[in-house]
Each structure stands twice: as C-alpha cells, then as structure tokens.
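Remarks on the structure that follows.
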Amino acid sequence: MEYELIIVRYGEIALKGKTTRRHFENCLVSNIKNALNREHVTYRIKKEWGRIYIHTNQINKSVDVLQKIFGIVSMSPAVQTQSNMGSMSNLAVSISKDVLTEEKTFAIRTTRAGKHEYTSQDVAVKIGNDIVEATKAGVNLTKPDFKLFIEVRDESAYLFTEKIRGTGGLPLGTQGKLLALIDDSDSILAAWYLMRRGCTILFVNINKSSTNTLNSFMTNWYAESDVTMIDPKQPPLYEDLNKIASERNCDAVVTGHTICEDSQNELSDIRLMKKHINLPILHPLTAMEKEDINKKCRGLGIPT
C-alpha cells in the first residue's frame, strides 16, 4: 500500500477546555512543523477536531520525527478516499488482496464521526463481506492475522493497518519554564520527563563532560533551548542559579537526583539545594531504580 498521509492523534489535549485545547493544538502543530522543517521534510498539514493530518511523500522519515514530538499519542500512515460505501470497499479490497490469502484471517476496526446513512457496524459488515468474497480469507475478530482500520470522518475515510505509539504527554511549551541542572545522563533524563509534561527547559550544564551528550539529546528531541555553562567549583553556585532562574523567569528547578544503592549524599545535596534555591525543586527520578533509569536512557538515545 502506498501511503498518502499520516494521521496524528493526541490524548490529554482533548480533555482541555475549548480555549486551552485550541492553544495546545496550535503548539503541537507548531512543534511538528519545526521538527519536520529541521529534517527537510516536504509536507502539508491539515488540522481537524481531534486529528492532525500530515500529507507527505516521506512517510517513514516523518514517522521517525513524529515519534519524538511530545503530545502525540499515536500515528498511522494511511490512504484517503471518499466516505461512501463503494469507495471505501474498493480501497479496502485492493489493500487486502496484497496481504490476505485463504489461509489467513482478518478483522475490520471501524470508527466514525459525522452524519452518515450507515453505522460503523454497517461498514464493518459490508466491507468485511466484500473482502471475504475477494480473498477467501476468514474473519477472526479476536486474534486476526491482519487488521484493517477504517476511520470515517464526514466526507472522507482513512484506511490504515497500524497504530504507531508516540511519546505522549503534552506539547512542549504549553506549561511553565524550568531550569534543568545538568551534570550527567540521569539529569538529562529528569529534564526529558518534565519536557514530556509540556515544560520549556533552560539547561544549565555544570559538568563539561556532559556537553556532547546534552547537545546530542537536544538535537534528537528537537529541544530548542539555550545552554548555560557553569563551573560548580567556582562559588557561589547557588547564587548563580538563582540569578539565572530569576532573569529567565523560571518557575522551578529540576535535577537528576536519585536514591539508589550506589548514590552518595543525595539527600544531603537535596536538602542543601532546598535551603539555598529560591524556587521549587523537582526530582522526578528519586523513586526509580538505577537499572530502570539506565534502561530508559538507552531507550531515549541518552548514553549512560
């Protein structure tokens, strides 16, 4: 099947009020555009209620980019047709002939939005029967060899065969600004968790050996942020952090402190920071095991 577009879905945004939802959707679209432009992808974006459609002939490359955009729950390369039963059936049969035989089974998964003369069940039954007649394949609604998804929205229908997971969370830039204190891979992971919650991150690097890792991370996750380098051996560290946070209007500080078997003086460091830093301090990794932290870092492309 030659895909024409990518259907982009989001989750938490749909729970927001109308004004907030519109703002979040616009931020998500802007982030998508910035990332695709950076990767020199040719595209056209269409936004509808609950969906974002990206028309491009660079499907695989676009999917790789979209999987790193915060706020996207899932995506599906798809083909588009008219929402009348004949057009949907012809396309579904054409797609199924390429993958189904008498020995295989399939299932139709249909969703529908808008006013139509048929129900979702009508679509599944009619098109399912047409596929059986054309391919002689069997129907298995529980564990099919092949799933065909049909999403009907007003006058258009979109057919696809998979839902690819995204990063989820909230669009970057929809929440407050945080100062991330970077000294190793753990602290970069901590910043990632807050980015996933929509926070804009200002990186303050206190470990020169983390520079390349941080730069690679920012490029990989399309994080457009300034990086300030501070030598922790040159006091006053906390005064510098407070000054930067104040000048850049940061709402909190995030660190990579953990409480693991090999951690030393972590609680003392946390206590000292809370004493001298004027902002709330967030420690998203404190409940995680070191093995889980390293595994997550590797999964995100952060060297450990």
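Observations, loosely collected:
- Spatial offset of the stretch 38-84 relative to the stretch 230-304 amounts to 36 Å, using the alpha carbon center of each.
- Residues of the chain: accessible area per residue with a 1.4 Å probe, Å²: 52
- For S74, residues with placed amide H under 5 Å, excluding near neighbours: R9, G166
- DSSP bridge analysis restricted to the chain gives an antiparallel fraction near 50%, rounded to the nearest 5.
- Looking at the stretch 149-225, the pairs of alpha carbons with a distance over 19 Å make up 47% of the total.
- What the Cα convex hull of the stretch 10-82 gives, in volume per residue, is 91 Å³.
- Cross-link partners of K16 among lysines (Cα-Cα below 21 Å; sequence separation of 8 or more within a chain): K46, K47, K177
- The trypsin sites (Lys or Arg not before Pro) of the stretch 80-158 that meet both conditions, a loop assignment by DSSP and at most 13 other Cβ atoms within 10 Å of the site Cβ, are K115, K136.
- Within a straight-line Cα-Cα reach of under 15 Å, K136 can be paired with the following aspartates and glutamates, leaving aside sequence neighbours fewer than 8 residues apart in one chain: D98, E102, E103, D145.
- Translational diffusion of the stretch 1-151, estimated by Stokes-Einstein from the Kirkwood radius over alpha carbon pairs at 37 °C in a medium of 0.692 mPa s, is 193 µm² per second.
- Loop-located chymotrypsin sites (Phe, Trp or Tyr not before Pro) in the stretch 21-85 (DSSP state other than H, G, I, E, B) with a sparse environment of at most 12 neighbouring Cβ atoms within 10 Å: W49.
- Evaluating 6.51 cos²θ - 1.76 cosθ + 1.60 at θ = phi - 60° for every residue in the stretch 56-73, the Karplus couplings come out as 7, 9, 10, 5, 4, 5, 5, 4, 4, 5, 5, 5, 10, 9, 5, x, 8, 7 Hz, glycine and proline recorded as x.
- Candidate lysines for bridging to K143, where Cα separation is under 23 Å - those fewer than 8 sequence places away on the same chain excluded: K97, K104, K126, K163
- The H on the amide N of A113, modeled in the peptide plane, is under 5 Å from the matching H of V152, R153, D154, each at least 5 residues off or on a different chain.
- GluC sites (Glu not before Pro) within the stretch 151-205: DSSP coil, no more than 13 neighbouring Cβ in 10 Å: E155, E162
- Per-residue ³J(HN,Hα) for the stretch 295-304, Karplus 6.51 cos²θ - 1.76 cosθ + 1.60, θ = phi - 60°, Hz, x for Gly and Pro: 5, 5, 4, 4, x, 9, x, 9, x, 10
- Taking every alpha-carbon pair under 8 Å whose residues sit at least 6 apart, the chain reaches a relative contact order of 16 percent.
- With viscosity 0.692 mPa s and temperature 37 °C, the Kirkwood radius over alpha carbon pairs of the stretch 93-174 converts through Stokes-Einstein to a diffusion coefficient of 232 µm²/s.
- Taking every DSSP helix (H) stretch of at least 4 residues in the chain, weighting each as -39,500 (n - 2.57) and dividing the sum by the residue count yields a mean residue ellipticity at 222 nm of -11500 deg cm²/dmol.
- Ranked by solvent-accessible area (1.4 Å probe, protein heavy atoms only, all chains present), the residues V73, V123 order from largest to smallest as V73, V123.
- Of the accessible area of the stretch 192-242, computed with a 1.4 Å probe over protein heavy atoms only, carbon and sulfur atoms account for 48 percent.
- Relative contact order of the stretch 138-200, pairs being alpha-carbon contacts under 8 Å that are 6 or more residues apart, as %: 30
- Under 5 Å between amide hydrogens, built in the peptide plane, is the criterion, and for I182 it picks out V204, N205, I206 among residues at least 5 positions away or on other chains.
- Option label - Kirkwood radius over Cα pairs in Å computed here, alternatives [x] 19.6; [y] 22.0; [z] 22.8: [y]
- Karplus-based coupling profile of the stretch 35-45, in residue order and whole Hz: 5, 5, 5, 4, 8, 6, 8, 8, 7, 9, 10, with θ = phi - 60° in 6.51 cos²θ - 1.76 cosθ + 1.60 and x standing for Gly or Pro.
The values are calculated or read from the model by the stated rules, or taken from the named source; none is laboratory data. Remember, it's a predicted structure, so these values are computed and weren't measured experimentally. All Cβ positions, even for glycine, are placed from backbone atoms using ideal geometry, and neighbour counts span all protein chains on display. The protein model used for the area step is the full one, side chains on, heavy atoms only, and it has no ligands, DNA or RNA in it. Shrake-Rupley method; radii C 1.70, N 1.55, O 1.52, S 1.80 Å.
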